[in-house]
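Visitor: Below is one structure. I have some questions about it.
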């Protein structure tokens, strides 16, 4: 066969081989996976990135958390002794005895000068007040003023680069909007100065209570179902913007635990009190 006739044949063979190769590749790429191939490895659950888990609540907590403090208090209680129960001594009362009791509450720094809001019942009768920040810095606090009737106290610490919260507006709250309670419940058991966070909604507004034996007068209170427990007293109730809208004060409970009925003093009321004490 002449060379001139071989060239078209060679080209035809090359084109045919290329076509077969392309067809085979497409066949194996497009075919469905076999059962063995589908189950040959454990499925990997998809994970939401931190950007997806971040939301308005986490942003609010991040904003307010550094300014929420633990308030460690030592109070002196006077205990009147009685007869020791052995006949003759039952007729006598002994002299009053003094004992020191440690308790813990919460508070919030509201300006760069180190002023702190808390409940009066947290610090009333205290002989020593120590404030612990989430970054573990500790300060001796001075009691600047106290309003026993409305259960608000103002403290001051002296330090540098103090974090502080933004005080919001409690006159435009909406029933059903998010509420975030921060404080340090049972902090003395955990020995941890970082606040805990609970989330709920504004359950009701304008709750009024009759005067109590402790003389506290609670009017126009904010009700929330965000968990509030012992040690939360004096801590902030915060809106979705991270602004303080109230000061957590007390709960309704038959057994001392949280049942979703907590009350906070509106921040507008608190503002008027701290300006005058």
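Bear in mind these aren't lab numbers, they're just calculated from the coordinates by the rules spelled out. Worth saying up front: this structure is predicted, and the values here are computed from it rather than measured. Positions of Cβ are backbone-derived with ideal geometry, glycine not excepted, and every protein chain shown enters the neighbour counts.
Visitor: In which sequence would 243, 138 go, from the one with the fewest C-beta neighbours within 10 Å to the one with the most?
Guide: Values: 243 18, 138 15.
By the 10 Å Cβ count, ascending: 138, 243.
Visitor: Take peptides 197-207, 226-236 and line them up by average Cβ neighbours within 10 Å, highest first, as a rough protection proxy. Each step should come with its number before you reach the end.
Guide: Values: 197-207: 16.6, 226-236: 26.2.
In descending order of packing, they fall as 226-236, 197-207.
Visitor: Can you put 54, 225 in order of Cβ neighbours within 10 angstrom, beginning with the fewest? Write out the running numbers ahead of the final one.
Guide: Working: 54 12, 225 19.
With the sparsest Cβ surroundings first, the list reads 54, 225.
Visitor: For segment 124-242, how big is Rg over Rh, using alpha carbon atoms and the Kirkwood form of Rh? Show your work: numbers first, answer last.
Guide: Numbers: Rg = 15.6 Å, Rh = 16.2 Å.
When Rh is taken as the Kirkwood radius, the ratio is 0.96.
Visitor: Arrange 118, 269 by Cβ neighbour counts within 10 Å, fewest through most, would you?
Guide: Values: 118 28, 269 18.
If I rank by nearby Cβ atoms, fewest first, I get 269, 118.
Visitor: Here is a further query. Computed FRET efficiency, Cβ-Cβ of residue 75 and residue 138, R0 22 Å: what is it to the nearest 0.05? Don't skip to the end; give the middle numbers.
Guide: Working: r = 19 Å, r/R0 = 0.84.
Given R0 = 22 Å and the Cβ-Cβ separation, E is 0.75.
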